[in-house]
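Student: Dropping a structure here in C-alpha cells format, bear with me for questions.
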Amino acid sequence: MGKRFYCDFCDKSFADNPSSKKNHLSGVFHQRMRKAHYDAFRDPMTILAEEAAKRPCRSFQQTGFCNFGDGCRFSHLTEERKRQLEEECLKKKQAENGADESNTSVVVGDVEDWLAKHTEQTEKDPAKKRRHFPKYSLPPALASFPNLPPSLLPPTKDDFVNLPLLDWG
C-alpha cells in the first residue's frame, strides 16, 4: 500500500501521485467544497455586494432548491439571510465608528489638556523655558573601538538644541 493524500476540503483520501492529485484538484466536487470553505470567511458587506449584482434564481425562489447549487450564476439570497447580513454590516460599522470616535476624542482631549497645562507653566515660570542638557559619555568598553556607528555614539549638546520641550508628568 503506497502513500495516501488526504484532502481537508473534501474529507477524502487518494493515492499520492501527481496524476491523482491533478484529477482531484481540478474536479468539480473539490472546487465546490473549497469555495464553500472560503466563503464561510467572507465579509458580510462583500457577500451583499456580490449578491445584489445578481438576479434572483427562479428555481430557488419557487422550490427552495436549485440544481446548480453554489455554481448557480443567480442569487440564492433569502430575505431572512439578507436581513441578517445587513445587521452584521451595521454592527460592524457601528463598532468601527464607535471605536474611532472614542479613541480620537480621548487622544485629542489629552493632548489639548497637556498643551494648555504646559503653556500655563512656561508663562508663569520662565525658568522652565531653560533647557537642561543631560551629560552622556562613551562607556569604557567602547572607547577602544574606532569608527563606531552613530547609534552607539553619545549625543552631543547640539543634538538637543532643536528638540521641543516635553513634560510628561
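Student: What number of residues within the range 139-158 satisfy the criterion of being surrounded by 10 or more Cβ atoms within 10 Å (Cβ to Cβ) and within 41 Å of the chain's Cα centre (by Cα)?
Tutor: Adding up the residues that qualify gives 6.
Student: Further, regarding this structure: State the number of residues belonging to the range 15-38 that are surrounded by 11 or more Cβ atoms within 10 Å (Cβ to Cβ) and out of contact with any strand residue (DSSP E or B) (no Cβ under 7 Å at 6 or more places or on another chain). Can you show your working first?
Tutor: Let us first name the residues in the range 15-38 that are surrounded by 11 or more Cβ atoms within 10 Å (Cβ to Cβ), namely 15-17, 20-21, 23-25, 27, 29-37.
If we keep only those that are out of contact with any strand residue (DSSP E or B) (no Cβ under 7 Å at 6 or more places or on another chain) too, we end up with 17, 23, 25, 27, 29, 31-37.
Qualifying residue count, the range 15-38: 12.
Student: Considering the range 39-53 alone, what residues qualify as being acidic (Asp, Glu) and open to solvent by 60 Å² or more (accessible area, probe 1.4 Å)? Don't jump to the end; show me each part of the working.
Tutor: In the first step, residues of the range 39-53 are kept if they are acidic (Asp, Glu); the result is 39, 43, 50-51.
Within the range 39-53, Glu50 is the sole residue that qualifies.
Student: Could you please give the count of residues in the range 54-91 that are open to solvent by less than 90 Å² (accessible area, probe 1.4 Å) and assigned to a loop (DSSP other than H, G, I, E, B)?
Tutor: Qualifying residue count for the region: 9.
Student: With at pLDDT below 65 and either of a type in the set (D, E, K, R) or touching a Pro at 6+ places or on another chain (Cβ under 6 Å) (or both) as the only criterion, which of Lys117, Lys128, Lys124 stands out? Write out each step before concluding.
Tutor: Numbers: Lys117 fails: at pLDDT below 65; Lys124 fails: at pLDDT below 65.
Selected residue: Lys128, the only one of Lys117, Lys128, Lys124 that is at pLDDT below 65 and either of a type in the set (D, E, K, R) or touching a Pro at 6+ places or on another chain (Cβ under 6 Å) (or both).
Student: List pairs: first residue in the range 64-80 and free of Cβ contacts under 8 Å to residues at least 60 places away in the same chain, second residue in a helix (DSSP H, G or I) and of a type outside the set (Asp, Glu) anywhere in the structure, Cβ distance under 6 angstrom, at least six positions apart or on different chains.
Tutor: Correct list of pairs: Cys66/Ser59; Cys66/Phe60; Asp70/Arg32; His76/Phe60.
The values are calculated or read from the model by the stated rules, or taken from the named source; none is laboratory data. The shown structure was predicted, so the numbers you read here are calculated from the model rather than taken from an experiment. In this analysis, Cβ positions are derived from the backbone assuming ideal geometry, glycine residues included, and neighbour counts consider all displayed protein chains. To get the accessible areas, we keep the full protein, side chains included, count just its heavy atoms, and leave off ligands, DNA and RNA. Shrake-Rupley method; radii C 1.70, N 1.55, O 1.52, S 1.80 Å.
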